[in-house]
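Everything on this sheet refers to the single structure shown next.
The values are calculated or read from the model by the stated rules, or taken from the named source; none is laboratory data. Source: prediction; values computed, not measured. FYI the Cβ positions are ideal-geometry reconstructions off the backbone, even for glycines, and counts take in every protein chain you see. Just the protein is used for accessible areas: all its heavy atoms, side chains included, with ligands, DNA and RNA removed. Shrake-Rupley method; radii C 1.70, N 1.55, O 1.52, S 1.80 Å.
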Amino acid sequence: MAEGSRTVLIRIRAAMPTLRPSERRIAELVIDDPAGAANLSIAELAARCETSTTSVVRFYQRMGYAHFKDFRIDLAREVAREELTKSNLPEVSGDIDRHDSLEEIVSKVAMNETLSIADTARALDTEALGRAVELVLSARRIDSFGVGASALVGLDFQQKLSRIGRTAINWHDSHSAWTSAATLDDTCVAVAVSHTGATVDTVEFLAIARKSGAATVAITNFRESPLAATADVTLTTAARETQFRSGALGSRIAQLMVVDCLFTGVAQASYDESMAALRDTYAVVHDRIVHKRA
């Protein structure tokens, strides 16, 4: 999906780290209550955010709109789309609160992750995905690296590629990742995963790999990030994080979705070879389970 199809709320979330304080207050209000924001005038929005009308104008122009009317219309459309997406989920509102019951927690996590996947599917640039598929498909070796929850995503990618006969390595610590990246060449691909795109160790891994001649792929939520600037191809998520950000709820599920799309694209492009490898690897594990039970 092309950049132009990224919805207004996705663009606002992606721009958050680069906004001025006054613009960030506007963005936070719009994200917290998009339906309410869609019904405000420029003056009302400025007053609610304790800023000037000039800041509001600068904000919506930065989001790609020449007129405030168009910004409000797109915001209203996005509210309607989200309501449709959430229609089959239990009705909940707000972030996870200390007084929520387990039932409310389940509902809110489900909604957060469902919307993170839906937004990422809508925002993912399929042309960039196609380029990443081609790079991985032709690579002699694929190295992946991430920190924290992103490390689990890299491991998932490595395991999937191994199942279809690709030489893939996932690194668990930065020093090993860096030394490995220094040995890569133009027949290799380095894949780095970071929600913020600003994790220093992950950016350094991709920078070293690129300097060594390897093709570089970034999976991140923010296109305007140091990690994206170091990548030949950037695959962006559109995750929604709660105040439990350290738990990496929406970001992890969105990253896994991107990895699944990348893996499936590679497997499909080498369909016969991949299917044979999947059958063989399944048979090996299945036989061991059967023998162990016996």
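Computed from the Cβ-Cβ distance with R0 of 45 Å, the FRET efficiency linking residue 57 to residue 152 stands at 0.60.
Can you compute the helix-only [θ] at 222 nm over the chain? Use -39500 (n - 2.57) per DSSP H run of at least 4 residues, normalise by all residues, nearest 500 deg cm²/dmol.
Values: 14 runs with 178 residues, N = 294.
Only helices count here, giving -19000 deg cm²/dmol.
What a 1.4 Å probe finds exposed on region 134-220 is 55% carbon and sulfur by accessible area, rounded to a whole percent. Karplus-based coupling profile of region 194-210, in residue order and whole Hz: 7, 4, 6, x, 10, 5, 4, 4, 6, 4, 5, 4, 5, 5, 5, 4, 5, with θ = phi - 60° in 6.51 cos²θ - 1.76 cosθ + 1.60 and x standing for Gly or Pro.
Ignoring ligands, DNA and RNA, how do 49, 261 rank by accessible area with a 1.4 Å probe, largest first? All intermediate terms of the calculation are to be shown ahead of the outcome.
Details: 49 10, 261 45 Å².
Result, largest first: 261, 49.
Each Lys or Arg adds one and each Asp or Glu takes one away; over the other residues whose Cβ falls under 13 Å from the Cβ of residue 156, this sums to +2. Near residue 170, the amide H atoms lying under 5 Å from its own belong to 144; only residues 5 or more places off or on other chains count, and H is placed 1.01 Å from N. Note on residue 69: aspartates and glutamates with a C-alpha under 15 Å away, same-chain residues under 8 apart excluded, are 44, 78.
Nothing charged except the Cβ atoms of Lys and Arg (+1) and of Asp and Glu (-1): what's the magnitude of the dipole of region 15-71 about its Cα centre? Round to the nearest 20 debye. Numbers along the way, then the final one.
Values: 7 positive and 7 negative charges, 46 e Å.
With Lys and Arg at +1 and Asp and Glu at -1, about 220 debye.
Axis of helix 21-32 versus longest Cα principal axis of the chain: the two differ by about 80°, to the nearest ten degrees. Protection proxy ranking for 97-109, 72-84, using the average of other Cβ atoms within 10 Å per residue and placing the highest first: 72-84, 97-109. Rounded to the nearest whole Hz, the Karplus-based 3J(HN,Hα) values (6.51 cos²θ - 1.76 cosθ + 1.60, θ = phi - 60°) of region 258-271 follow the sequence 4, 4, 4, 5, 5, 4, 4, x, 5, 5, 5, 5, 10, 4, with x at glycine and proline.
Scanning residues 5 or more positions from residue 96 or on other chains, those with amide H under 5 Å from its amide H are 243, with H placed 1.01 Å from N in the peptide plane. What the pair-distance distribution of region 162-268 shows, using all Cα-Cα distances binned every 10 Å from zero, is 15, 44, 35, 6, 0 percent. Considering only 206, 124, 40, the Gaussian network model of the chain with Cα springs below 10 Å gives its largest mean-square fluctuation to 40. Remark on the chain: ratio of C-alpha radius of gyration to 2.2 N^0.38 Å is 1.12.
Close amide H pairs (under 5 Å, H built 1.01 Å from N) link residue 165 with no residue at least 5 positions away or on another chain.
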